[in-house]
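S.K.: Below you will find the structure I want to go over with you.
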Amino acid sequence: MATINRPLKAAGENSARETVMQRANQLASRLYDILAVELDVMQARRVEEVNAMTEEKRLLVDQLAQLEPAIRSHLSASDATGQMLVDDEGVLEFKERIQACQARNKNNQTLALVELGHSREALALLRSLMQLEDVTLYGAAGDLSIIREKRNLGAV
């Protein structure tokens, strides 16, 4: 474990910093877990659950944003000589967890973009099929007839 060279602070200041970093680490850990579940849900194509995961992620990110000034203050703390004091366990854990969250979020984004591309391709195919000039229909007697007309998607 690295030694931290810093002047003694008031007990309340250390306690407040520890509390901020504990809360930040709890939120980051929860976000990390949600991102893993989100990936599973997206792979299983459970749309309703993806929407719920997105809302839960948003709430966690909002909570982290509220803590951001205190976190930044803690991350930029220095001793009397100006040396940064970011080598304590809480800060290191937070940095590692946030980096892991960023990596998971990037993986989830990649999957979402691939699925979006597939959906766009399918929609383009459907649109092209809707614009065919020859539409085969069955008549009331069960016989096939070809109606030669062109309709755009959504046209009546």
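Each reported figure results from applying straightforward, stated rules to the coordinates on display, with no laboratory input. In this text, all values refer to a predicted model and were calculated from it rather than measured experimentally. Backbone-built Cβ (ideal geometry, glycine too); neighbour counts: all protein chains shown.
S.K.: Of the peptides 27-40, 94-107, how do they stack up when ordered by the mean number of other Cβ atoms within 10 Å, highest first?
M.R.: Ranking the peptides 27-40, 94-107 by packing returns 27-40, 94-107.
S.K.: Sort 66-74, 17-25 by the packing proxy (mean of other Cβ within 10 Å over each peptide's residues), most packed first.
M.R.: 17-25, 66-74
S.K.: Run the numbers for ASP143 and LEU126: contour at 0.36 nm per residue of separation, minus the present Cα-Cα distance, in nm.
M.R.: Here the answer is 3.6 nm.
S.K.: Quickly work out the GLU68-to-ALA103 label distance, labels modelled 7 Å from Cα along the C-beta direction, and quote it in nm with one decimal.
M.R.: Computed distance between label sites ALA103 and GLU68 equals 2.4 nm.
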